[in-house]
Each structure stands twice: as C-alpha cells, then as structure tokens.
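Visitor: Sharing a structure, written as structure tokens. Questions coming.
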Amino acid sequence: MEKKIRKVSLSSVLDDDLADIFDYGLETFGRNLAELFVANMYQHINELPLLFLIYPECRHLETKTQIYRNIILGKYLIIYRIRANKIEVLRALHGSQSPKIIKATKKIKTK
C-alpha cells in the first residue's frame, strides 16, 4: 500500500504566531530554550506530510470528516487542516486561548 505524501502550506498568521511564541520564550526562558522550542514546532510541521493522520481532531473545530487536527506541544496547539492534496498549517496558539479565537481559524487562508 502506497502512502500519499501531501504538500504542506503555511498561513501568514502562523508566521506571526511563531514569532510571538519565540518572543515570549526569549523573555521568559532565554534565547536557547526559545530557539529550541520553535525549532521543535517547525520539526513537527515538517513531519506532517507523512504523519498528518496520527494527531487528534481539534476539539474546538470538530467536523464529520475530521479535517481540523492539532499537534499538542506542551501548552501550545499547532492547528492544521487536511485537504485533498495538501496540509494547511493554520495557527500555533496557546491552549488557553478563547474557543472563539480557535474557531476563527477555519477562515484562515494559506499561501
């Protein structure tokens, strides 16, 4: 059985989210840990073409087809959407964000 590898596209909002996460980590934990954490997030994103189905459905964005999923890293969620030919990485948010903000993720377009 052949695995289908899908292209990953990133939203412009994701760039801002990761920059904010880095800035918070820099202020709180220092440069080394901030860089390590954001690098870990990018590593998980880069593995999505093969591993996109192993992560759970995002509980704030439930659908019958389970197209919205999230990677949980510590207290952060990387939310992505599964399309027929690609994976769209939409946001990286702290888990304590309002469900309203998380639900607005559905409207985000990717590059």
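The values are calculated or read from the model by the stated rules, or taken from the named source; none is laboratory data. The model shown is predicted, which means the values in this text are computed figures rather than measured ones. Note: ideal-geometry Cβ built from the backbone for every residue, glycine included; neighbour counts use all protein chains shown.
Visitor: Would you please list the contacts, defined by Cβ atoms under 8 Å and residues six or more apart or on different chains, that run from a residue in the range 95-111 that is farther than 13 Å from R81 by Cα to a residue that is at pLDDT 90 or above and small (G, A, S)?
Guide: Qualifying pairs under 8 Å: K111/S9; K111/S11; K111/S12.
Visitor: Return the residue satisfying two criteria in turn: it lies in the range 77-99 and is charged (D, E, K, R) and out of contact with any helix residue (DSSP H, G or I) (no Cβ under 6 Å at 6 or more places or on another chain), and of such residues it is nearest to R59 (Cα to Cα).
Guide: Going through the qualifying residues, I end up with R81.
Visitor: Let me ask something else about it. Would you check if I102 is under 18 Å from K7 (Cβ atoms) and within 15 Å of the chain's Cα centre (by Cα)?
Guide: no
Visitor: Looking at E47, E2, which one is at pLDDT below 95 and either of a type in the set (A, V, I, L, M) or over 11 Å from the mean Cα position of the chain (by Cα) (or both)?
Guide: Checking each option against the conditions leaves just E2.
Visitor: What's the number of the only condition in (1) closer than 21 Å to T105 by Cβ; (2) free of Cβ contacts under 8 Å to residues at least 12 places away in the same chain that L14 fails to meet?
Guide: The number of the failed condition is (2).
Visitor: Within the range 23-41, track down each residue that is among the polar types (S, T, N, Q) and within 16 Å of the chain's Cα centre (by Cα).
Guide: If the condition is that a residue be among the polar types (S, T, N, Q) and within 16 Å of the chain's Cα centre (by Cα), then N40 is the only one that fits.
Visitor: While we're looking at this one, here's another question. Please name all residue pairs, on different chains or six or more residues apart, with Cβ atoms under 8 Å, provided the first residue is in the range 28-40 and is closer than 13 Å to G74 by Cα and the second residue is in a loop (DSSP other than H, G, I, E, B).
Guide: F37/G74
Visitor: Looking only at the range 7-16, decide whether some residue is closer than 17 Å to R69 by Cβ, among the acidic types (D, E) and assigned to a helix (DSSP H, G or I).
Guide: no
Visitor: Inside the range 18-68, can you point out the residues that are touching a Lys or Arg at 6+ places or on another chain (Cβ under 8 Å), surrounded by 13 or more Cβ atoms within 10 Å (Cβ to Cβ) and not in a helix (DSSP H, G or I)?
Guide: Listed by number, the residues that qualify are F52, Y55, E57, C58, H60, L61, I67, Y68.
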